[in-house]
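Worksheet: one structure, shown below.
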Amino acid sequence: MQILLASAKIMNDVLKTAPDVELSAPRFAHEAEAFARDMAQYSTETIAEMLGCSQQIAGQNKLRFMRFFEETTKMPAILAYHGQAYKHLKAETFTENELRFAQGHLWITSFLYGLLRPFDGILPYRMEGSVVLPSGAGENMFGFWKSRLTDVLINAVKADDGVLVHLATEEFQHLFDWQRVRKEVRIVQPLFYVRKGRSSSARLLPEGRKNDLKMQAVWAKTCRGAMTRFIIEHRITKPDDLRAFSYEEFKFEPFLGDADYPHFIRQ
């Protein structure tokens, strides 16, 4: 069972502590460096426009891209990101064995690096899927990566047991030919909802219950990170075992969803 988790916009620039693991080289390190070189040549104002961010964030990332070509210490990808999902993944507390399980089962999507394994050594950056760069052959990041990542993901999942647990945000599906992925492997996509206007003791028919559900982005990201941790901690390899997941009052709801779309509800 392979896991797909999205990268985050918020990244660490340095790590307080680092695990004693040997960093691996990102599969698409050459492409990432080419994109970083492109970005480093733009002005702060242009970067702000390209990334849809403030001048301050643009300036910070211009410096980051310039540092790609200095002697800079790289970070394992699983510890480099610090967005909502990663705060609840809490990878810094993993044991060595848990990290090694993650290395064989977790993929992290990235607009700059394409696909990453947890030990891949990377540098902080910011990138958006809509950005078009000279090294991208006239395509934006979505278009550039689609032909390069689809087979990598499919082959990795097939080499395991043919099951992909999709815990990335839907935006990152566009990095792949998702119809092909869905056709060639089994995708299990857990969904996380908050229930509105019902007490936890209410027992309604399934069709009556679903109208009260709302997906909230912060909670969804929180649970994606926490479920990734749950899989890694418990060395889960069967999709049905995901039903045991519970976190911050989210629990599996057997009356909703199906085997490929298990629902987890917060009452």
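The values are calculated or read from the model by the stated rules, or taken from the named source; none is laboratory data. Everything numeric here is computed off the predicted structure, so don't read it as measured data. Positions of Cβ are generated from backbone atoms using ideal geometry, with glycine treated the same way; all protein chains shown enter the neighbour counts.
Details
- Of all residues in region 126-164 being hydroxyl-bearing (Ser, Thr, Tyr) and farther than 14 Å from Val181 by Cα, the one that is surrounded by the most Cβ atoms within 10 Å (Cβ to Cβ): Ser135
- Total residues in region 98-123 satisfying the condition of being part of a strand (DSSP E or B) and touching a helix residue (DSSP H, G or I) at 6+ places or on another chain (Cβ under 6 Å): the figure is 7.
- Residue satisfying condition, being at pLDDT 95 or above, closer than 30 Å to Asp160 by Cα and not polar (S, T, N, Q), within set Ala58, Ala85, Ala48, Ala36: Ala85
- Residue in region 153-164 that is among the acidic types (Asp, Glu), modelled with pLDDT of 95 or more and touching a strand residue (DSSP E or B) at 6+ places or on another chain (Cβ under 8 Å) present: yes
- Any hit, region 88-95, residues being under 30 Å from Gly162 (Cβ atoms), in contact with a Cys (Cβ under 8 Å, 6 or more places away or on another chain), modelled with pLDDT of 95 or more and not aliphatic (A, V, I, L, M): yes
- Residues of region 239-253 classified as more than 20 Å from the chain's Cα centre (by Cα), closer than 21 Å to Asp160 by Cβ and not hydrophobic (A, V, I, L, M, F, W, C), total: 3
- Residue within region 254-265 that is closer than 27 Å to Gly162 by Cβ, small (Gly, Ala, Ser) and over 20 Å from the mean Cα position of the chain (by Cα) present: yes
- The set of residues from region 255-267 being of a type outside the set (A, V, I, L, M), surrounded by fewer than 16 Cβ atoms within 10 Å (Cβ to Cβ) and at pLDDT 95 or above comprises Asp258, Asp260, Tyr261.
For every residue, the table says whether it meets (1) surrounded by fewer than 21 Cβ atoms within 10 Å (Cβ to Cβ); (2) basic (Lys, Arg); (3) assigned to a helix (DSSP H, G or I).
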| position | (1), (2), (3) |
| --- | --- |
| Arg27 | yes, yes, no |
| Phe35 | no, no, yes |
| Asp38 | yes, no, yes |
| Glu45 | yes, no, yes |
| Ile57 | yes, no, yes |
| Phe65 | no, no, yes |
| Thr73 | yes, no, no |
| Ala85 | no, no, yes |
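- Selected residue (only one of Ala85, Ala36, Ala80, Ala58 is over 26 Å from Arg117 (Cβ atoms), among the small types (Gly, Ala, Ser) and touching a Leu at 6+ places or on another chain (Cβ under 9 Å)): Ala58
- Residue match in region 102-125 (condition: at pLDDT 95 or above, over 29 Å from Pro19 (Cα atoms), surrounded by fewer than 22 Cβ atoms within 10 Å (Cβ to Cβ) and touching an Asp or Glu at 6+ places or on another chain (Cβ under 9 Å)): no
- Scan of region 124-142 for residues that are within 16 Å of Ile10 (Cα to Cα) and not hydroxyl-bearing (Ser, Thr, Tyr), ordered by number: Pro124, Arg126, Met127, Glu128, Gly129
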